[in-house]
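All remarks here apply to the structure that follows.
Read the figures in this text as sums done on the coordinates, not as results from a lab. Note that the coordinates shown come from a computational prediction; the quantities given were computed from them, not determined experimentally. Here the Cβ is made from the backbone with ideal geometry for all residues, glycine too, and neighbour counts use every protein chain on show.
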């Protein structure tokens, strides 16, 4: 049964199905709520997180919020831990453009999320956008000297 509240954004038609999207959205929201509750946010509620994350997806237009590059929405909910054990970093790297959710605040204020690739989210970690951009500049500057 299609969701009226979390309809599949038009830019995802043909990239993933609505059930796949809803499953991904629910899992991401639940995971962030669990994490935030462990970090002391007793007010974290899955439905609020889903709403905020769905809005972030819509705002993304299917692109990574930090690089502007297309995300691989066809990969959502396809990661297999068993295959990851066998394939190690090669398998994980094949999912580097998998869309994921970056939580922008301290887990206590207004919910703010951005959608980005797994590789960008891993690289950014808990850095603010400004700190992340500064890190990227330092990497570029250092590597220009080597080229």
With the chain treated as a Gaussian network of Cα nodes joined by springs under 10 Å, which of 133, 33, 46 yields the largest mean-square fluctuation? 133
Asserting the computed 222 nm helical MRE of the chain (DSSP H runs at least 4 long, -39500 (n - 2.57) per run, divided by residue count, to nearest 500) equals -16500 deg cm²/dmol
Quick one: among 134, 36, 64, which has the greatest mean-square fluctuation in a GNM of the chain with alpha-carbon springs under 10 angstrom? 134
Can you give the relative contact order of segment 10-118 as a percent, counting alpha carbon pairs under 8 Å and 6+ residues apart? 29
Here the residues of segment 35-70 lying in the modelled label zone of residue 5, meaning backbone nitrogen under 19 Å from a point 7 Å along Cα-to-Cβ, are 43-59
Given a Förster radius of 41 Å and the C-beta distance between residue 23 and residue 129 as r, what FRET efficiency does 1/(1 + (r/R0)^6) yield to the nearest 0.05? 0.90
Candidate values (i) 9.9; (ii) 10.7; (iii) 8.0, label of the one derived for mean projected area of the Cα convex hull in nm²: (ii)
